[in-house]
Amino acid sequence: MAAIITKRNDPKSFSYVTRIDIPAETRSQVNTLLNQSLATAIDLKTQIKYAHWNVKGKDFYQLHELFDEIASEVEEFIDLIAERITTLGGQALGTVRIAAKASELPEYPFDAVDGMDHVEALADRFAIYAKSLRQNIGKTDELGDMDTNDLFVEISRAIDKRLWFLEAHLQTSFA
């Protein structure tokens, strides 16, 4: 039952037999969404770690700890996404090289040094990922895969909360 249905040089073509009663075409479409989200989450985690390692300034310790905490949380989401892909019979395309090519995020601003520069850069990237997750919530709803939909909802809620944590550092008065 664990035999490969298709196997070519293109890793996107991998599909495994599963007894899950979601049609193969639906699983393929959902796995495309999941692999895109996986790539973006991997990139987001590495960008958070970059900020964690390189933050400077008066709020160094607080931000250093916050960035590490957020990176750990994103790491958990990476694992959940990858496991959902393989649960649906797909291949989790989670190498750094694949993630770099497929991520929806812009490159990190390497001139960021001060804590607030890092907070702003991360807030921008969290907003992009949050929007993508909400789009995936709509698409998985249309495809009828409520389990993957629920996963995207769970991650979206947490990403929005972390965006709020980051934005709170940038706000000094009511807009």
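Put a plus charge on the Cβ of each Lys and Arg, a minus charge on the Cβ of each Asp and Glu, and nothing anywhere else: the dipole of the chain about its Cα centre is then about 620 debye.
Projected label points at residue 97 and residue 154, each 7 Å from Cα along the beta carbon direction, are separated by 3.2 nanometres. Extending 7 Å from Cα along the Cβ direction at residue 128 and again at residue 104 yields two label points whose distance is 1.0 nm. For the pair residue 168 and residue 53, a Förster radius of 25 Å applied to the C-beta separation gives a FRET efficiency near 0.65, rounded to the nearest 0.05. Modelled spin-label separation between residue 146 and residue 72, with each label point placed 7 Å from Cα along the Cα-to-Cβ direction: 3.4 nm. If r is the Cβ-Cβ distance from residue 116 to residue 28 and R0 is 41 Å, what FRET efficiency results, to the nearest 0.05? FRET efficiency, residue 116 to residue 28: 0.45.
Show that you can apply the helix-only estimate: for the chain, add -39,500 (n - 2.57) for every DSSP H stretch of four or more residues, divide by all residues, and state [θ] at 222 nm to the nearest 500.
Details: 5 runs with 120 residues, N = 175.
-24000 deg cm²/dmol, from helical runs alone.
Pairs 58/161; 58/101; 101/131: which are spaced more than 29 Å apart, C-alpha to C-alpha? Spell out each step's value before the answer.
On the way: 58/161 24 Å; 58/101 35 Å; 101/131 19 Å.
Beyond 29 Å between Cα atoms: 58/101.
Every number here is computed from the coordinates shown, using simple stated rules; none is lab data. Values in this document were obtained by computation on a predicted structure and should not be read as measured data. Counting neighbours? That spans all protein chains shown, and the Cβs are built from the backbone with ideal geometry, glycine included.
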